[in-house]
Amino acid sequence: MAAKRTIRSIPQDRTPVREQPPAERATNFTEVNLGYDETEATREALRCLFCADQPCVRGCPVSIDIPGFIRKISDQDYHGAYDTIARTNLLPAVCGRVCPQESQCEGVCTVGESLEPVAIGRLERFVGDLAIAGDWARRPYIAPTAYRVGIVGSGPAGMACAADLAKAGCQVTVFEALHLPGGVLRYGIPDFRLPGEVIDAEIANLEKLGVSFECNTVVGRLFTIEQMIDELGFDAVFIGTGAGYPTMLGIPGDSLGGVLSANELLTRANLMQARDFPAHDTPIPLGRQVAVVGAGNTAMDAMRVCLRLGAEQVHCIYRRSRAEAPARVEEVHHAEQEGIEFHWLTNPVAILDDGAGAVRAMRCVRMELGEPDDSGRRRPVPVPGSEFEFPCDQVVFAIGTNANPIIGQTSRLTLNRWGYLEVDADLATSIAGVYAGGDIVTGAATVIEAMGAGRTAAAGIARYLGIRDIFRPYADPDDSVFGIAAHESSFVRVREAVTAG
Ligand code: FAD
Ligand code: SF4
């Protein structure tokens, strides 16, 4: 039996990850973080103490069996590690790259009390990438139920809901307004953080489960939610339309030429491939001195895209301090390394005209931190008499988003006062058979939370449809029925399991 690991016996330093050098990567869109190879992953796996109380599992919004998958990496059973993660997380290659681990699993890792925490996200990505390269995703035998489910929106919430319901035997169609599926993963997060091939692979896995995608389909315009149930023959509907409607600051000058939202900028650069000019001729306004207002992940992505598109200097304007910046720590660090200039405790109050309808500068005011507000963060308050002009020729707002409004405007669904869909604990909306989850319910949140909501709603839909056993595919892996592993069996009848791949 292997000796019990202790904080003194494990490798003391976190295994570094290889990255493209900052000066080189600031000019291209290929991935910054190159991920662990096998030697690095097995070394980092040696740092896990396999804590009996598993704080990291409690820190994960979908309760991945983290010590379980790390133990399998230690044993070099990578396929087993993938199966362990896949019981709760559909998208390890995505979540390993974009989850804010520092405030989730890694933030509560026991090793982190004395040393740097175990690099759980990097290990998850290592396993997720191997699974994509080896085509390991399970395609269990599925006994069809004849139920048809329509999913509106193809982001992580819709993808997770679609996967679970397809595995439960439903005929699942995902309707997506844009011309490619993936939601924010596709149109928001740039390739240098999450390459398009990773999303393509996850979508392909869904297609192998029998999920069909209908893109260029704006539900609420072509047909309504009510029509999906009453006329198009769907037995249930899941709405995962996200919160992609940009917020502007509402200050003088915010309709000048050269002012735009980060979502528009990112959609043009990523989804519409403006970054590949002239191969793709999508226009994208780009100044030489770009000011991006906000300090969340969206702001970091927008700034780093502008830099790669050729802006001379990109500035981050944020009214609080670095400690309150909502972006992942790694993104702020990468942005700093690449030469983004940060202006903390600075708030724009007006955008100034150059006389020809374009941006000349912003008028800003210095801020200081006061008492904590409802979010628990210290409230920024203006310093009297501290106004100054900040020269720039483009302003990008990355200060948050609102619910995508079309579904709310075209259906009888009950909304809350901010325009998000109201749901109960099962994520059922006010219309029978219609469920919702992800950002359209919670407001802008995270990929893993949206995915978790998609799975919760799938379980609710299965109960609504009278499908008994939605959790069966995710039961204890050692569980078996007549010798057939639980995750291979279908909920309707027990048949010989047939797996492909
Ligand atoms: P979305 O991903 O928004 O998907 C909704 C989909 O529904 C979209 O494709 C939309 O086109 C479609 N849709 C909308 N209306 C209709 C309609 N009427 N008919 C048909 N389709 C419709 N989270 C992290 O965890 N880590 C990160 O690093 C991170 N970075 C981010 C960077 C950016 C730029 C942004 C914008 C967000 C980021 N997030 C990050 C947040 C995360 O991406 C979201 O919380 C998550 O994608 C929400 O998933 P969702 O499925 O609810 O919605
Ligand atoms: Fe391993 Fe950290 Fe989880 Fe403990 S808390 S089991 S050390 S990853």
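The values are calculated or read from the model by the stated rules, or taken from the named source; none is laboratory data. Note that this is a predicted model, so its numbers are computed, not measured. Cβ sites come from the backbone with ideal geometry, for glycine too, and all protein chains shown count toward neighbours. Side chains included, ligands, DNA and RNA excluded: accessible areas come from the protein's heavy atoms. Shrake-Rupley method; radii C 1.70, N 1.55, O 1.52, S 1.80 Å.
Residues in the stretch 253-281 that are part of a loop (DSSP other than H, G, I, E, B) and over 23 Å from Ser154 (Cα atoms): Gly253, Asp254, Ser255, Leu256, Gly258, Phe277, Pro278, Ala279, His280, Asp281. How do the pairs read when you match residues in the stretch 88-101 that are small (Gly, Ala, Ser) with residues anywhere that are within 11 Å of ligand 1 (Cβ to nearest atom), using Cβ under 8 Å and keeping only pairs 6 or more apart or on different chains? What qualifies is Gly96/Gly121. Within the stretch 79-95, not a single residue is open to solvent by 30 Å² or more (accessible area, probe 1.4 Å) and closer than 24 Å to Pro11 by Cα.
Among the criteria (1) more than 7 Å from ligand 1 (Cβ to nearest atom); (2) part of a loop (DSSP other than H, G, I, E, B); (3) in contact (Cβ under 8 Å) with a residue 12 or more places away in the chain, the one Glu202 does not fulfil is (2).
Answer yes or no: is there a residue in the stretch 89-110 that is over 21 Å from the mean Cα position of the chain (by Cα), under 26 Å from Pro156 (Cα atoms), at pLDDT 95 or above and within 8 Å of ligand 2 (Cβ to nearest atom). Yes, the conditions are met somewhere in the stretch 89-110. When the stretch 163-199 is filtered for residues that are more than 23 Å from Leu34 (Cβ to Cβ), open to solvent by 20 Å² or more (accessible area, probe 1.4 Å) and more than 12 Å from ligand 1 (Cβ to nearest atom), the ones remaining, listed by number, are Lys167, Gln171. The requirement of being of a type outside the set (Ser, Thr, Tyr), more than 25 Å from Ala444 (Cβ to Cβ) and within 11 Å of ligand 2 (Cβ to nearest atom) is satisfied by Ala52.
Taking the stretch 64-87 as the range and being touching a Ser or Thr at 6+ places or on another chain (Cβ under 6 Å) and not in a helix (DSSP H, G or I) as the test, the residues that pass are Ile64, Asp65. When the helices (runs of 4 or more DSSP H) confined to the stretch 5-61 are screened for residues that are in contact (Cβ under 8 Å) with a residue 60 or more places away in the chain and under 23 Å from Val94 (Cβ atoms), those reaching at least 2 such residues are found at 38-45. Here is the figure for the stretch 370-392: residues that are open to solvent by 40 Å² or more (accessible area, probe 1.4 Å) and outside any loop (DSSP other than H, G, I, E, B) total 9.
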